[in-house]
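Only one structure is covered here, and it is reproduced in the block below.
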Amino acid sequence: MNGQEIVSLVSLLVALVAVIVGPITTVWMVRRQIVIPIRQSWIEELRSKLSTFISLSDTLAYENRSGVKRSADDFVAFAERLGSVFYQIVLRLNPNEEEHSHLAENLELLRGQAFNSKSDAAFTEYRATRERLVTLSREILKREWEKVKELRQ
């Protein structure tokens, strides 16, 4: 094999490595520069909406428990806000993931219980549902954060 053939063979090998390594490097860069920030933003938005939903539900449940009455217009506005936050959360969830489905079910249950928390038993049930919701939310947020950490590697 002469020098010309060696140079051609080395050039061919370098080109072959570039064809294989190039796309792998591109995928890795896309994951780091695009997917991770989007996923982090999704996690933060979900956390924010969950905390708002729970806070609004608490306000409604405590008002119902203590007998506080709002004006009809004020009540409608409050209920619309609670409903809006509820759907903002549900529409961020993946219905094909079991934990996400459980979260949506618990959100719906908590919302209903917040409207009907006048008795001691109903209020106690509301608080138990809220704690299950908080625990499940933490588990989902933690798992999603672990996925982000895996993508960084």
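Bear in mind that the values in this text are calculations on the coordinates, not laboratory data. Since we're looking at a predicted model, the values are computed, not measured. In this analysis, Cβ positions are derived from the backbone assuming ideal geometry, glycine residues included, and neighbour counts consider all displayed protein chains.
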So, in nm, how far is label VAL68 from label VAL134 when the simple model puts each one 7 Å beyond its Cα toward the Cβ?
1.8
If you add up the charges near GLU97, with Lys and Arg at +1 and Asp and Glu at -1, over every other residue whose beta carbon is less than 15 angstrom from its beta carbon, what do you get?
-1
Taking the simple approach of a point 7 Å from Cα along Cα-to-Cβ for both SER41 and GLU108, what is their distance in nm?
3.0
Extended-chain gain in nm, criterion 0.36 nm per residue less alpha-carbon gap, ARG152 and SER55:
31.6 nm
The extension gain from ASN2 to SER119, computed as 0.36 nm times the residue separation minus the Cα-Cα distance, is 32.7 nm
Only helices counted: for the chain, with every DSSP H run of 4 or more residues adding -39500 (n - 2.57) and the sum spread over all residues, [θ] at 222 nm is -30000 deg cm²/dmol
Computed on Cα atoms, the radius of gyration and Dmax of the chain in angstrom are 25.9, 96
Counting only complete DSSP H runs, which helices of the chain cover 18 Å or more along their long axis at the Cα atoms and score a mean Kyte-Doolittle of 0.0 or above?
3-30, 72-90
Determine which lysines satisfy two conditions relative to LYS142: a Cα distance under 22 Å, and not lying fewer than 8 residues away in the same chain.
LYS49
Which order do the peptides 144-153, 100-109 take when ranked by the mean count of other beta-carbon atoms within 10 Å per residue, highest first?
100-109, 144-153
